[in-house]
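Where a number appears in this text, it was derived from the coordinates with a stated rule and is not lab data. Keep in mind that what you see is a predicted model, and the values were worked out from it rather than measured. Here the Cβ positions follow ideal geometry from the backbone for every residue, glycine too, while neighbour counts run over all protein chains shown.
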Amino acid sequence: MPVDFSKILVVGVSSRALFNLEEEEQIFREKNIRGFRDFQLANEDKLLEKGTAFPLVEALLKLNTHVDEQYPIVEVVIMSKNSPETGVRVLKAIEHYNLPISRWAFSAGEPLAPFIKAFNVDLFLSKDEKDVQKIIDTADCATALVFDPPENYKPETDRVKFAFDADAVVFSEESEIIFKEKGLEEFRKHEKENENVPLKDGPFAALLRKLSYIQDFLPIEKELSPLRIAIVTARNSPSHMRVIKTFRKWNVYVDEAYFMGGWPKAPVLEAIGTHIFFDDQDNHLSDSKTKVPCGKVLYKSNSILKNYEKEIIVEPKKEK
């Protein structure tokens, strides 16, 4: 019987996102592929440390313990530009940490973007900005550039927690562009006037729907679900109602929502204990990534928001 991927969350994760391979990356840059291969072979029995995405992947795979083992609801695929030879060290680490991962893509330097569709990936996490940008531009997949793991981060082990920014992440760029081009008051006016008009899909909308579906599928009441979804947004009153009504229209259950009005997000994210937070703006990520694992959602190469990425923000906006 063909696999019904509409019922499975497929997460693609690069080896650098799952494990700490920064020393190896530096060797590759300095000594090219030959030096990198020699180093990996010489250190094949040296255990890799956990990387930024490890707590998320570990927690996601535990969701399968709540369902029939013949019908998993989460699959993880290691997607790496290593060759099978240089990837042995990664495979040994997977076995050591007892991660139930059985699918790998070792492309030996070939771009990973074409394999996103081939493996039916819903979410791809990487530390390679070029790979992430290519996937954002060409593939129908939520993807993010992950940062280094935060120090002293201790994730929950019995639940998995996702946190998302709203505009240009879960929702389209439309309202964010109004805010950037016309300012706060026009943004608030637009959102109030369109309160009953659902926001359009952003790059992570399909992922959010898939997570909500899995909540429905798990044999546990949503309020007690081991999978939790939070929205942490710079929006506040009166722009908050459009967000809530959009989720109702989408029939998506969100466990938690925090309308920050421009206040720092890091303390709230730390209080949530999220396994990963997705945002599109560096000014929200600069502190957040020191508290919890974070991924930056890049804009498409032709997005008008690219023009605002290099803005110097002296202090946080008071509200949005």
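Give me Rg/Rg_expected for region 170-313, where Rg uses Cα atoms only and Rg_expected = 2.2 N^0.38 Å with N residues. Mind showing how you got there, number by number?
Numbers: Rg = 15.4 Å, N = 144, 2.2 N^0.38 = 14.5 Å.
Normalised Cα radius of gyration, region 170-313: 1.06.
Once the Cβ-Cβ distance between Tyr71 and Arg248 is put in as r, and R0 is 35 Å, what FRET efficiency do you end up with, to the nearest 0.05? Before the final figure, lay out the partial values.
Working: r = 29 Å, r/R0 = 0.84.
Efficiency, rounded to the nearest 0.05: 0.75.
Scale the Cα Rg of region 161-209 by the rule-of-thumb value 2.2 N^0.38 Å and send over the ratio, two decimals.
Details: Rg = 11.5 Å, N = 49, 2.2 N^0.38 = 9.7 Å.
So region 161-209 has a normalised radius of gyration of 1.19.
Running Debye on region 5-146 with equal point scatterers at the Cα sites and no solvent, what base-10 log of I(q)/I(0) appears at q = 0.13, 0.20, 0.22 Å⁻¹?
With no solvent term, the Cα-only Debye profile gives -0.55, -1.26, -1.48.
Output the relative contact order of the chain, whole-number percent, from Cα pairs under 8 angstrom with separation of 6+ residues.
19 percent
What whole-number distance in Å separates the alpha-carbon centres of region 125-173 and region 15-82?
Region 125-173 and region 15-82 have Cα centres spaced 16 Å from each other.
Test of understanding: what is the full-extension gain from Lys300 to Glu221, defined as 0.36 nm times their sequence separation minus their Cα-Cα distance? Intermediate values should be presented prior to the final figure.
Details: separation 79, 0.36 × 79 = 28.44 nm, distance 3.73 nm.
Answer, rounded to one decimal: 24.7 nm.
First measure r as the distance between the Cβ atoms of Glu156 and Ala42, then evaluate 1/(1 + (r/R0)^6) with R0 = 25 Å and state the FRET efficiency to the nearest 0.05.
On the way: r = 37 Å, r/R0 = 1.48.
The pair Glu156/Ala42 has a calculated efficiency of 0.10.
May I ask you to list the aspartates and glutamates whose Cα is less than 14 Å away from that of Lys249, ignoring any residue fewer than eight positions away on the same chain?
Glu195, Asp201
Are any of the pairs Lys210/Lys296; Lys7/Lys154; Lys161/Lys210 more than 22 Å apart by Cα-Cα distance, and if so, which?
Lys7/Lys154
Using θ = phi - 60° and the Karplus curve 6.51 cos²θ - 1.76 cosθ + 1.60, what whole-Hz ³J(HN,Hα) does each residue of region 13-23 get, with Gly and Pro shown as x?
Per residue, the Karplus-derived 3J(HN,Hα) values read 9, 6, 4, 6, 6, 7, 10, 7, 10, 6, 4 Hz.
How many nm is it between the label spots at Ser83 and Leu99, if each spot is 7 Å from the Cα in line with the beta carbon?
2.3 nm
Can you give me the distance in nm between label points at Glu174 and Ser237, each placed 7 Å from the Cα along the Cα-to-Cβ direction?
2.6 nm
How about Lys182: which aspartates and glutamates have a C-alpha closer than 18 Å to its C-alpha, ignoring those fewer than 8 places off in the same chain?
Output for Lys182: Asp167, Glu173, Glu174, Glu191, Glu193, Glu309, Glu311, Glu319.
Given Lys62/Lys300; Lys134/Lys200; Lys117/Lys306; Lys127/Lys300, which pairs have Cα atoms separated by over 21 Å?
As for pairs spanning more than 21 Å Cα to Cα, those are Lys62/Lys300; Lys134/Lys200; Lys117/Lys306.
Rg over Rh of the chain, using C-alpha atoms and the Kirkwood radius, what does it come to?
That ratio is 0.97, to two decimals.
Between Asp255 and Leu184, what FRET efficiency follows from the Cβ-Cβ distance if R0 is 22 Å, with the result rounded to 0.05?
Working: r = 28 Å, r/R0 = 1.29.
Computed FRET efficiency for Asp255 and Leu184 comes out at 0.20.
Tell me whether region 97-184 comes out rounded, prolate or oblate; compute the Cα gyration tensor, take square roots of the eigenvalues as a ≥ b ≥ c, and use a/c under 1.5 as the rounded threshold. Show your work: numbers first, answer last.
Working: a/c = 2.18, a/b = 1.29, b/c = 1.69.
It is oblate, given that a/c is not under 1.5 and a/b is not larger than b/c.
Taking 0.36 nm per residue of sequence separation and subtracting the Cα-Cα distance, how much length would be gained by fully extending the chain between Lys7 and Asp148, in nm to one decimal?
Numbers: separation 141, 0.36 × 141 = 50.76 nm, distance 3.10 nm.
That works out to 47.7 nm of additional length.
PRE reach from Lys117 (point 7 Å along Cα→Cβ): which of region 141-183 fall under 14 Å by backbone N?
Residues 141 qualify, since their backbone N sits under 14 Å from the label point.
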